[in-house]
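Have a look at this one.
The values are calculated or read from the model by the stated rules, or taken from the named source; none is laboratory data. All of these numbers come straight from a predicted model, not from anything done at the bench. Positions of Cβ are generated from backbone atoms using ideal geometry, with glycine treated the same way; all protein chains shown enter the neighbour counts. Ligands, DNA and RNA are stripped out before the accessible areas are found, and what is left, the full protein with its side chains, is counted by its heavy atoms. Shrake-Rupley method; radii C 1.70, N 1.55, O 1.52, S 1.80 Å.
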Amino acid sequence: MNEIIESFETAKGNVFGDLLTNRAEHRPLKVGLLTLGFFEYWRMFPGSLHANVTSDLTAVYERLKAALPDDLVVWPGLVDTLDAADAAGRKLKEEAVDLIVYVAGTYCPDYMAIQALENFRHLPLLMFNTQGTGEINLKTDYENILRNSALIANLQLAATFRKMGWFSGLKVVVGAIGDEDAYAEMGRYARAYRAYIRLRSVNIGVIGHVFRGMYDFEYDKTTIKGTLGPNLISIQLDHLLSRFEVVSEEEIADGVALARESFNIVGLEEDDIRKASRLYAALRSTLERFRLDALTLLGQHYVEQKTGTTPYLANTLLHEEGRYVVNTEGDIHGLIMMTLMRQLGGEVPAFAEWGEYDERLNALLMVHHGYANPAYARDRSSVKVNRSPEQWGLQGAGFGFEYTLKPGVVTISHLIVDAEGYKMLIVRGEALDIADNIPCEEITAVVKFPVPIKAFLAELIKEGFAHHCIIGYGDLTEELSYVADFMGIRKVTYL
């Protein structure tokens with residue numbers, strides 16, 4: 001007898017008619033390298049020019065591979081005739097490349113590139129304008145002039161694209177063949193596109209709704225899917241509570257042991273730790289059962305009231321594991337930014353709110369309810385677990401973390417949709433070195449900004465961004481800017 005397939009809303013098993021059984025595999029990005037030269041020149045300089053140009057483009061290929069260690073570079077070889085251009089286009093199509101890098105090794109007419117690129121107008125195109133070195137050889141000969149004549153071909157081709165309406169998002173990188181900065185820039189572009197592609201297969205669960213009174217976080221599922229990419233899946237509170245009810249004593253004991261082993265717990269009763277551990281097991285089980293990559297839930301007067309605890313231990317441990325991304329208050333846009341920045345930076349970023357300013361430091365105090373990856377603490381031994389300072393229907397003290405984030409370059413971002421559509425905030429800052437944790441029973445950071453702090457706050461408020469922000473370590477500003485371009489949304493930047 002065949003098994004009856006049901007919706008995940010009602011099914012008791014683990015196969016559903018409306019959820020993919022297996023998560024999408026995160027395959028490497030396939031980067032097509034299209035390199036051109038002009039057949040007419042080979043007979044003019046027999047025995048040397050063809051070999052030298054081939055050597056130049058081979059060097060580009062090897063360096064590009066080195067710059068993209070997590071991706072696959074597909075190179076059909078030197079294209080120098082229309083037949084070769086057609087064959088290269090067919091090869092790249094057969095390989096189903098995701099992105100094209102175009103490099104001219106000499107001047108070449110635009111019809112060859114057009115022949116090869118005909119079927120890739122829906123893909124991003126990166127044009128690498130390169131030459132032998134970054135200096136003019138004042139004793140050069142004409143053969144070497146031809147070897148460094150790609151600029152003519154690239155200007156011509158880019159102008160042709162403009163006239164034809166092709167590749168409106170053309171990305172151009174300029175650098176010599178051995179210019180490491182140029183390859184690093186191409187690497188950041190490819191990494192951003194990989195993250196953008198992966199975002200389209202992300203499953204985000206939503207338990208509850210946006211916290212009442214936070215209109216800045218309200219969202220439309222269709223617009224999110226169409227513009228930003230992820231799939232939003234409404235998970236009923238009963239689904240979580242059903243997992244909460246069946247958590248075993250062994251699972252609770254394991255969670256309690258892990259919490260006690262990992263953190264300095266003060267001022268909490270055993271029952272507080274047990275309930276937080278139980279919710280951790282239930283959230284983890286819910287994420288696994290419904291094939292979710294990320295989840296946001298409404299804690300206040302909802303999950304917290306039903307479970308008697310906060311999700312902060314669960315969120316912290318899940319972030320430390322690095323497999324899932326979670327947040328609270330129904331902040332879907334913040335969760336999408338957390339997911340994106342994790343893909344770009346490798347670690348789950350911190351979830352925070354804007355706080356009070358300091359004119360002398362030109363900095364802001366950032367703060368949020370106790371959870372973030374403890375790897376972000378200045379000193380892990382200083383991480384303190386205590387009560388949750390906000391009591392939303394809790395039974396007991398709850399469970400929250402207190403520590404101040406470590407120093408370093410940070411990227412701060414968020415998304416919001418306004419009357420003109422989506423826009424992305426992109427800010428580079430510096431988390432300052434704070435010797436002692438700020439004793440406010442919360443996660444905190446003191447971040448210095450690149451523009452005068454009061455002017456920055458005036459612009460931020462006027463621009464109308466959300467009251468939450470996402471803080472990731474490292475400079476991800478260039479990659480986020482590329483992703484915003486791929487999404488076709490506006491950017492507001494402070495670098």
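Among the helices (runs of 4 or more DSSP H) lying completely within segment 150-249, list those that include at least 2 residues that are touching a residue at least 60 places away in the same chain (Cβ under 8 Å). If you could, list the steps in order and put the result at the bottom.
On the way: elements: 150-164, 180-199, 237-245.
The qualifying helices (runs of 4 or more DSSP H) are 180-199, 237-245.
Something else: Does VAL97 fit the bill of being at pLDDT 95 or above, part of a strand (DSSP E or B) and buried (at least 20 other Cβ atoms within 10 Å of the Cβ)? Write out each step before concluding.
Values: at pLDDT 95 or above: yes; part of a strand (DSSP E or B): no; buried (at least 20 other Cβ atoms within 10 Å of the Cβ): yes.
When the stated conditions are applied, VAL97 does not pass them.
Separate question: Name the residues in segment 463-483 that are modelled with pLDDT of 95 or more, surrounded by fewer than 22 Cβ atoms within 10 Å (Cβ to Cβ) and under 17 Å from ILE416 (Cβ atoms), would you?
Matches in segment 463-483: SER481 only.
Of the residues that sit in segment 484-494 and are open to solvent by less than 60 Å² (accessible area, probe 1.4 Å) and assigned to a strand (DSSP E or B), which one is nearest to LEU365 (Cα to Cα)?
Start the filter on segment 484-494 by keeping residues that are open to solvent by less than 60 Å² (accessible area, probe 1.4 Å), which leaves 484, 486-487, 489, 492, 494.
Of the ones still in play, those that are also assigned to a strand (DSSP E or B) are 492, 494.
Working: VAL492: 21, TYR494: 18 Å.
The residue in question is TYR494.
Here are some residues: VAL266, VAL246. Which one is open to solvent by 60 Å² or more (accessible area, probe 1.4 Å) and aliphatic (A, V, I, L, M)? Full working, then the answer.
Numbers: VAL266 fails: open to solvent by 60 Å² or more (accessible area, probe 1.4 Å).
From the options VAL266, VAL246, the qualifying one is VAL246.
Oh, and also: So which of ALA458, ALA445 ends up being out of contact with any helix residue (DSSP H, G or I) (no Cβ under 8 Å at 6 or more places or on another chain) and part of a strand (DSSP E or B)?
Numbers: ALA458 fails: part of a strand (DSSP E or B).
Checking each option against the conditions leaves just ALA445.
In addition: In segment 384-409, how many are crowded, with 23+ Cβ neighbours inside 10 Å and assigned to a loop (DSSP other than H, G, I, E, B)?
3
Moving on. Which residues, taken from segment 299-358, are open to solvent by 20 Å² or more (accessible area, probe 1.4 Å) and of a type in the set (D, E, K, R)? Full working, then the answer.
Of the residues in segment 299-358, the ones open to solvent by 20 Å² or more (accessible area, probe 1.4 Å) are 301-302, 305-306, 320-323, 342-343, 345-347, 353-358.
Matches in segment 299-358: LYS306, GLU320, GLU321, ARG323, ARG342, GLU347, GLU353, GLU356, ASP358.
Here's something else I'd like to know. Suppose we keep only residues that are open to solvent by 20 Å² or more (accessible area, probe 1.4 Å) and either touching a residue at least 12 places away in the same chain (Cβ under 8 Å) or not in a helix (DSSP H, G or I) (or both) within segment 271-288. Which one would you say is nearest to PHE16 (Cα to Cα)? Write out each step before concluding.
The initial filter retains those residues of segment 271-288 that are open to solvent by 20 Å² or more (accessible area, probe 1.4 Å), namely 271, 274-275, 278, 280, 284-285, 288.
From what's left, either touching a residue at least 12 places away in the same chain (Cβ under 8 Å) or not in a helix (DSSP H, G or I) (or both): 271, 274-275, 278, 280, 284-285.
Values: ASP271: 36, ARG274: 32, LYS275: 30, ARG278: 26, TYR280: 24, ARG284: 19, SER285: 16 Å.
Going through the qualifying residues, I end up with SER285.
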